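The values are calculated or read from the model by the stated rules, or taken from the named source; none is laboratory data. Just so it is clear, the structure is predicted and the values come from calculations on it, not from any experiment. Every residue, glycine among them, receives a Cβ derived from its backbone with ideal geometry; neighbour counts consider all protein chains shown. Surface areas here come from the heavy atoms of the whole protein model, side chains and all, with no ligands, DNA or RNA. Shrake-Rupley method; radii C 1.70, N 1.55, O 1.52, S 1.80 Å.
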Amino acid sequence: MTRNPNKPELLAPAGSLEAFFAAMESGADAVYAGLREMSARAKAKNFSLRDLEQMLAYAHARRRKIYVTLNTLVKEKELPQLIETLAGLEEIGVDAVILQDMAVWKLARDHFPGLNLHSSTQMTIHNTAGVRMLERLGFKRAVLARELTLEEISEIRDSTEMELEHFVHGALCFSFSGQCYFSSFLGGKSGNRGRCAQPCRRRYRHRRDQGYYFSTNDLSAIDLLDDLVAAGVGSFKIEGRMKSAEYVANVVSAYRSLIDVAPAEKEIVLREVKEQLKDSFGRPPTRGFLQGDVPADIAVPSVHGATGRFLGKVEQVRGKQIGFRTGNDLHVGDRVRIQPQNDQAGKAFTLKELYRGARKTGQVGSGDFVNVVAPFHEKFNKGDAVFKVSSTSAFNMSDAACRRLLAAAEKKASRVDLHVGMPDNSTLELTAQTGSLTVRQRYPVETFPARERPLDLEILQNVFGKGGQESIELAGISADKMPPVVIPPSRMKEIRRDFYQHLNKKLAAEQEQGRGRNRQQAMSSLLPKNTGRAGGDSLLMVAIRSLQEARLVDSPEVDRILVPLEPGIEHRLGKLPQRLKKNREKLVWDLPFIIFDRDWAAFEQTVKALVAAGWESFRLNNLAHFQLFNGLGAAKLLSGFRLFSLNSQAVLAWKELGVGEATLYLEDDRENMLDLLSRDSGVDYNVIAYSQVPLMTTRVPMPRVRTDSPLVSSRDEHYLVRRQKGISTIAAETDFSLLGYLHQIRSANLRNFTLDYSHRGVFSSEGKTILNAFTADRSIPSTSPFNFDFGME
């Protein structure tokens with residue numbers, strides 16, 4: 001199938017070989033797939049490099065594309081593996097790499113220029129400035145945040161030529177992607193490392209109500225495709241690398257049908273495919289933020305949010321037999337899940353026995369009372385919910401069948417231009433050109449005067465244009481003027497075979513030499529450990545809530561204060577303490593993580609005014625923020641923890657963008673932190689030693705949740721909600737603290753620390769206790785070291 005360039009790309013997930021073929025056969029223009037390492041869906045089956053090489057051959061033969069997801073954060077010790085991965089991906093010719101960690105960007109740009117780069121949605125690109133930064137960095141495509149409206153997407157499109165990709169179907173995250181630490185905080189399973197345990201899908205108590213406050217419905221933009229095209233989206237992305245091949249086939253074919261339909265038939269086909277999508281066994285559909293920034297149906301606390309088509313509730317349990325009235329047709333071979341009322345994980349199984357009353361049957365209809373036999377004995381209770389999660393109509397291809405198809409796919413051939421000459425009547429000279437490689441060979445030949453047809457270009461085309469090596473494709477052939485002679489066909493075949501074999505060896509040697517050179521240069525660029533880094537006294541920065549608390553800088557223990565930057569704040573600086581007026585480097589302005597386009601000009605004006613007035617230091621928390629400082633050479637930039645610094649290559653990337661001090665990642669553990677601190681990047685490092693943990697940052701409305709009452713889990717864990725200008729932060733009631741561990745970090749000659757106890761009150765008794773504990777390196781009860789002790793997966 002040749003894709004119409006005037007239509008949007010349809011991009012499908014492939015978490016398994018079966019799903020890959022389901023996407024191919026159902027009409028996807030491209031798929032995105034992950035490797036077994038460094039993928040944000042580590043629980044998917046994923047692929048080896050050999051798998052991907054064969055998949056690429058299969059896809060490219062059909063003019064489809066494959067994008068590889070390297071959208072996970074990389075630890076310092078994993079950088080060599082990342083280099084090997086990038087080298088392999090460039091070698092096999094993937095169409096693009098999707099990334100989150102700036103280490104991937106830096107290494108690919110510096111050493112593997114054959115790789116196209118797409119930003120992951122986990123980079124939280126949510127405004128025009130973010131997309132312009134990607135353009136500046138050489139990215140080919142921006143995968144936009146799912147929190148944008150059609151109007152906001154359109155505004156971005158009007159200001160950039162970059163390819164824009166947006167999700168159109170599948171699971172949503174409650175938090176801005178890439179900014180959820182919930183799973184990691186509970187057990188070290190980081191969503192940014194592909195291991196999310198999905199605590200957002202659980203039930204919580206708020207005051208007297210129980211509900212699924214963080215559990216989102218599934219995105220379905222099937223009836224907004226024309227609007228998305230009009231807004232400038234060029235690639236429609238379907239979520240689901242953890243989903244079955246049946247899901248992929250069903251959803252891809254539905255969107256393919258609507259993309260390709262003639263305008264006169266669109267209304268009819270839309271009705272049909274919306275019915276079809278009901279069989280994708282997802283959660284209730286929502287259009288997300290596309291039609292407005294205050295949607296009411298993304299997260300509905302009364303809706304469980306479990307995947308599958310709800311069939312009914314268990315009414316009878318007798319051993320392994322479960323009875324319920326089904327709200328949908330059921331067949332032997334369908335797969336169902338029983339979801340307990342206690343919010344524990346459900347159990348799924350395939351129906352092997354089905355009864356209508358006491359009579360065994362192969363199928364039942366909607367409304368029938370049915371008894372099914374489960375493989376679990378007395379594991380369920382009356383009132384448990386029953387869901388159908390797949391049907392007998394599932395896309396069905398075994399792994400062995402998939403691999404047979406891949407094995408038959410031909411590897412992409414090298415295209416070669418061939419020139420033939422005869423410097424004399426006894427010598428044939430062949431010159432091949434491919435890329436930067438030129439190969440020339442001379443062969444002795446016995447010639448005879450031509451009686452009928454002498455050697456010419458057509459004869460040469462027939463000889464050298466067929467029967468060569470599979471890895472060589474003749475792109476074109478030219479020739480000098482040939483003498484009026486003939487060469488025996490057997491000799492011409494010998495020459496063809498020998499020349500192509502020689503050319504193949506030269507090609508392989510050049511490619512291997514180039515790969516080896518790039519790989520070695522990349523390995524050599526990694527920073528060595530430097531145990532002799534210069535140390536010094538600790539410098540402490542304390543975060544405050546507002547300018548009214550700026551007098552904290554007069555405290556002898558405090559070297560700098562971190563102040564939230566708000567538009568217009570430059571007009572409220574008159575009452576700052578004298579210490580700040582004389583030593584403006586003592587104040588660091590902290591930019592808000594999210595700034596939508598409608599607010600951008602106001603922030604831009606304030607930043608320019610502050611720099612013009614002599615204020616130099618700013619902490620940046622999103623890639624877009626760098627655009628605020630174009631042409632403002634006097635600014636001193638710090639990167640916040642939301643600009644991920646988990647390895648030294650990412651830190652070097654921030655350094656290139658002007659960062660002089662990098663805050664290490666909040667989720668980090670002891671082993672990786674000390675490993676990173678031992679690398680001398682030329683950038684000062686800063687470690688957050690105390691903070692409230694923003695488990696999730698969201699644009700999803702929470703109208704039923706009051707900020708004065710916590711949300712409480714079944715394990716009595718308390719979570720607090722803060723709101724500011726349409727953005728909510730869900731924070732753990734238990735604070736993060738490395739107090740008591742600082743001697744271990746200082747041993748790596750770290751100088752800069754940050755304390756953020758602004759939520760406790762910087763002048764409160766609690767605040768004073770925290771400040772004193774920092775000075776004494778004394779632990780504080782009822783706090784958590786997060787992943788520092790136990791590690792981050």
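Structure notes:
- Centroid-to-centroid separation of the stretch 180-244 and the stretch 577-634 [C-alpha atoms, Å]: 32 Å
- Backbone N atoms of the stretch 557-578 closer than 18 Å to the 7 Å Cα→Cβ label point of residue 776 belong to residues 557-558.
- Residue (of 662, 185, 678) at the positive-pole extreme of the chain, dipole from beta-carbon charges: 185
- The charge dipole of the stretch 304-421, taken about its Cα centre with unit charges on the Cβ of Lys, Arg, Asp and Glu (plus for the first two, minus for the last two), comes to roughly 180 debye.
- The distance linking the stretch 37-107 with the stretch 714-793 is 36 Å (Cα centroid to Cα centroid, whole angstrom).
- Surface exposure of the stretch 642-793, expressed per residue as accessible area with a 1.4 Å probe, stands at 37 Å².
- Here's how it looks for residue 695: its modeled amide H is under 5 Å from those of 730, 731, 732, which are all 5 or more places away or on a different chain.
- Sites residue 271 and residue 230, calculated FRET efficiency, Cβ-Cβ separation with R0 22 Å, nearest 0.05: 0.55
- Accessible area per residue for the stretch 78-210, computed on protein heavy atoms with a 1.4 Å probe, is 31 Å².
- Close amide H pairs (under 5 Å, H built 1.01 Å from N) link residue 751 with 685, residues at least 5 positions away or on another chain.
- At R0 = 30 Å, FRET efficiency that the Cβ-Cβ distance of residue 602 and residue 161 yields, to 0.05: 0.70
- Förster radius 35 Å - calculated FRET efficiency between residue 36 and residue 438, Cβ distance, rounded to 0.05: 0.35
- Percent carbon-and-sulfur accessible area, the stretch 180-260, ignoring ligands, DNA and RNA, probe 1.4 Å: 43 percent
- Placing +1 on the Cβ of every Lys and Arg and -1 on the Cβ of every Asp and Glu, with no other charges, gives the chain a dipole of roughly 1620 debye about its Cα centre.
- Here is the size of the stretch 569-637 from its Cα atoms: Rg then Dmax, 12.1, 36 Å.
- Accessible surface of the stretch 686-736 [probe 1.4 Å, protein heavy atoms]: carbon and sulfur percent: 47 percent
- Area of residue 140 that stays accessible when all protein chains are in place (1.4 Å probe, Å², to 10): 80 Å²
- Cα-based Rg of the stretch 423-469 normalised by 2.2 N^0.38 Å, two decimals: 1.36
- With each label modelled as a point 7 angstrom along the Cα→C-beta vector, the residue 505-residue 573 pair spans 7.1 nm.
- Across the accessible surface of the stretch 284-421, with the other protein chains kept in place and a 1.4 Å probe, carbon and sulfur atoms take up 47 percent.
- Derived scalar couplings ³J(HN,Hα) [the stretch 223-235; Karplus, 6.51 cos²θ - 1.76 cosθ + 1.60; whole Hz; x for Gly, Pro]: 9, 10, 5, 5, 5, 5, 4, 4, 6, x, 7, x, 9
- Gain on full extension, evaluated as 0.36 nm per residue between residue 498 and residue 768 minus their Cα-Cα distance, stands at 89.0 nm.
- Dipole of the chain [Lys/Arg +1, Asp/Glu -1 at C-beta], most positive-end residue of 277, 290, 376: 376
- Rounded if a/c under 1.5, otherwise prolate or oblate - the stretch 284-412, Cα gyration tensor axes: oblate
- Per residue solvent-accessible surface (Å²) - the stretch 518-611, probe of 1.4 Å: 50 Å²
- Intensity falloff of the stretch 643-710 expressed as log10 I(q)/I(0), Debye formula with alpha-carbon point scatterers, at q = 0.18, 0.24, 0.26 Å⁻¹: -0.72, -1.05, -1.18
- Computed [θ] at 222 nm, helices only, for the chain once each DSSP H run of length n ≥ 4 contributes -39500 (n - 2.57): -8000 deg cm²/dmol
- Rg to Rh, two decimals, where the chain supplies the alpha carbon set and Rh follows Kirkwood: 1.04
- For residue 69, nonlocal amide neighbours, meaning residues 5 or more places apart or on other chains whose placed amide H falls under 5 Å from its own, are 33, 34, 35, 98.
- With 5 Å bins from 0: P(r) over the stretch 51-158, alpha-carbon pairs, percent: 2, 12, 21, 20, 18, 14, 9, 4, 0
- Structural descriptor for the chain: relative contact order 13 percent, calculated from alpha carbon pairs under 8 angstrom and at least 6 residues apart.
- All aspartates and glutamates inside 17 Å of residue 75 as judged from Cα atoms, apart from same-chain residues fewer than 8 positions distant: 37, 84, 101, 667, 668, 669, 671, 675, 680, 789, 793
- When each of 581/608; 608/725; 278/725; 7/655 is checked by Cα-Cα distance, pairs over 28 Å: 278/725; 7/655
- A simple spin-label model places the labels of residue 361 and residue 400 3.6 nm from each other, with each point 7 Å out along Cα-to-Cβ.
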